[in-house]
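Asker: Right, I'll just put the structure down here and ask away after.
The values are calculated or read from the model by the stated rules, or taken from the named source; none is laboratory data. It should be emphasised that the depicted structure is a prediction, and the values quoted were computed from it without experimental measurement. As a convention, Cβ positions derive from the backbone with ideal geometry for all residues, glycine included, and neighbour counts pool all protein chains shown.
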C-alpha cells in the first residue's frame with residue numbers, strides 16, 4: 001500500500017518508514033506540514049499524521065484530506081492529551097488516534113486493519129478471491145494476473161465495496177494524482193471486467209463505479 005506519513009521527529013519518522021517498508025508498504029514521509037499539505041492528492045491508501053508539526057498543523061491537513069477523500073483511513077499520532085484537540089481530530093474525520101509513545105507494531109496493525117487489504121487473500125465471493133500483494137485473482141482452480149493499474153483498481157474497489165468510487169478517486173489512487181481521461185479509466189474498467197469471472201463492477205450515471213460482491 002502507498003502510505004502518507006507526516007511526523008516531524010526525524011528518528012521516529014525514519015523508524016516508522018523502515019518498519020512499514022519491511023512489510024511491503026511504500027511510504028512517502030514528510031517532516032514539515034507545508035510539504036505534506038502540497039502532496040496529499042497523490043493517491044494514498046492511508047494517512048498517518050502528527051498534529052504538532054512545523055508550518056501547517058496536522059488538523060488542517062486532516063481537514064484538507066477529507067475534502068478529497070471521504071473513505072481513505074487517517075490515523076493521528078500525537079503526544080497531546082488535550083481533549084478538545086483529540087475531539088476535533090475525530091470531528092474532522094480521523095479514523096483512529098494513537099498516543100505517543102507507542103509500539104510501531106501497534107501502528108502497523110491499525111493501518112492493516114483499517115485498510116483491509118493485506119498479504120492475505122480477500123474473499124470476493126465463495127468462488128473468487130483476490131491477493132493484492134501478488135496481483136492475482138483466483139476463481140476456483142484458475143488464476144488471473146493483473147497489471148499494476150488493474151491491481152490498484154481492485155484494491156480501491158475492495159476498500160470501498162458497495163460504495164461509489166468516483167472518477168476523481170480513481171485518478172488520484174490508480175494514476176497517483178496524474179491526469180487520466182475518462183476513456184483511459186473506462187478502458188481500464190473494461191479490461192478488469194474481462195478478467196473477473198462474474199459481473200461485479202457497475203457504472204453509476206457518469207460519476208464512477210460500484211463494486212458489488214456477495215461478501216460486501
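Asker: Residue 74 - would you say it is surrounded by 13 or more Cβ atoms within 10 Å (Cβ to Cβ) and under 23 Å from residue 170 (Cβ atoms)?
Answerer: yes
Asker: Right, something else. Just the residues that are assigned to a loop (DSSP other than H, G, I, E, B) and either closer than 16 Å to residue 158 by Cβ or touching a helix residue (DSSP H, G or I) at 6+ places or on another chain (Cβ under 7 Å) (or both), please, taken from the range 181-198.
Answerer: Within the range 181-198, 196, 197, 198 qualify.
Asker: Still on this structure, please answer the following. Go through the range 136-151 residue by residue and tally those that are assigned to a helix (DSSP H, G or I) and surrounded by 22 or more Cβ atoms within 10 Å (Cβ to Cβ).
Answerer: 0
Asker: If residue 154 satisfies all but one of (1) assigned to a loop (DSSP other than H, G, I, E, B); (2) in contact with a strand residue (DSSP E or B) (Cβ under 9 Å, 6 or more places away or on another chain); (3) within 23 Å of residue 20 (Cα to Cα), what's the number of the condition it fails?
Answerer: Looking at each condition in turn, residue 154 falls short on (1).
Asker: Let me ask something else about it. Scan 133, 118 and give me the residue that is at pLDDT below 90 and surrounded by 15 or more Cβ atoms within 10 Å (Cβ to Cβ).
Answerer: After ruling out the rest, the residue left standing is 118.
Asker: Sticking with this structure for a sec: Condition test on residue 130, is it more than 20 Å from residue 27 (Cα to Cα), in contact with a helix residue (DSSP H, G or I) (Cβ under 7 Å, 6 or more places away or on another chain) and either in contact (Cβ under 8 Å) with a residue 40 or more places away in the chain or not assigned by TED's automatic domain parsing to the domain that holds residue 43 (or both)?
Answerer: For residue 130, the condition - more than 20 Å from residue 27 (Cα to Cα), in contact with a helix residue (DSSP H, G or I) (Cβ under 7 Å, 6 or more places away or on another chain) and either in contact (Cβ under 8 Å) with a residue 40 or more places away in the chain or not assigned by TED's automatic domain parsing to the domain that holds residue 43 (or both) - is met.
Asker: Sticking with this structure for a sec: If you scan the range 199-211, which residues turn out to be surrounded by 14 or more Cβ atoms within 10 Å (Cβ to Cβ) and closer than 23 Å to residue 142 by Cβ?
Answerer: Of everything in the range 199-211, those that are surrounded by 14 or more Cβ atoms within 10 Å (Cβ to Cβ) and closer than 23 Å to residue 142 by Cβ turn out to be 200, 201, 211.
Asker: Continuing with this model, one more query. Please state which of the following conditions residue 97 fails to meet, knowing it meets all the rest: (1) at pLDDT below 90; (2) surrounded by 12 or more Cβ atoms within 10 Å (Cβ to Cβ); (3) more than 15 Å from the chain's Cα centre (by Cα).
Answerer: Of (1) at pLDDT below 90; (2) surrounded by 12 or more Cβ atoms within 10 Å (Cβ to Cβ); (3) more than 15 Å from the chain's Cα centre (by Cα), only one is false for residue 97: (1).
The rows are residues; the columns are (1) outside any helix (DSSP H, G or I); (2) farther than 25 Å from residue 25 by Cα; (3) not assigned by TED's automatic domain parsing to the domain that holds residue 170.
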residue: 47; (1), (2), (3): yes, no, yes
residue: 56; (1), (2), (3): yes, yes, yes
residue: 62; (1), (2), (3): no, no, yes
residue: 66; (1), (2), (3): no, no, yes
residue: 77; (1), (2), (3): yes, no, yes
residue: 85; (1), (2), (3): no, yes, yes
residue: 94; (1), (2), (3): yes, no, yes
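Condition check ((1) within 15 Å of residue 195 (Cβ to Cβ); (2) out of contact with any strand residue (DSSP E or B) (no Cβ under 8 Å at 6 or more places or on another chain)) across all residues:
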position: 104; (1), (2): no, yes
position: 136; (1), (2): yes, no
position: 143; (1), (2): yes, no
position: 148; (1), (2): yes, yes
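Asker: Let me ask you something else. So residue 42 clears everything in (1) crowded, with 21+ Cβ neighbours inside 10 Å; (2) modelled with pLDDT under 90 except one condition, right? Which one?
Answerer: Every listed condition holds for residue 42 apart from (1).
Asker: In the range 167-188, which residues are surrounded by fewer than 18 Cβ atoms within 10 Å (Cβ to Cβ) and modelled with pLDDT of 90 or more?
Answerer: Once the filter is applied, which keeps residues that are surrounded by fewer than 18 Cβ atoms within 10 Å (Cβ to Cβ) and modelled with pLDDT of 90 or more, the range 167-188 yields 167, 181, 182, 183, 184, 186, 187.
Asker: Does residue 172 meet the test of being more than 13 Å from the chain's Cα centre (by Cα), touching a residue at least 40 places away in the same chain (Cβ under 8 Å) and either part of a helix (DSSP H, G or I) or at positive phi (or both)?
Answerer: No: the conditions fail for residue 172.
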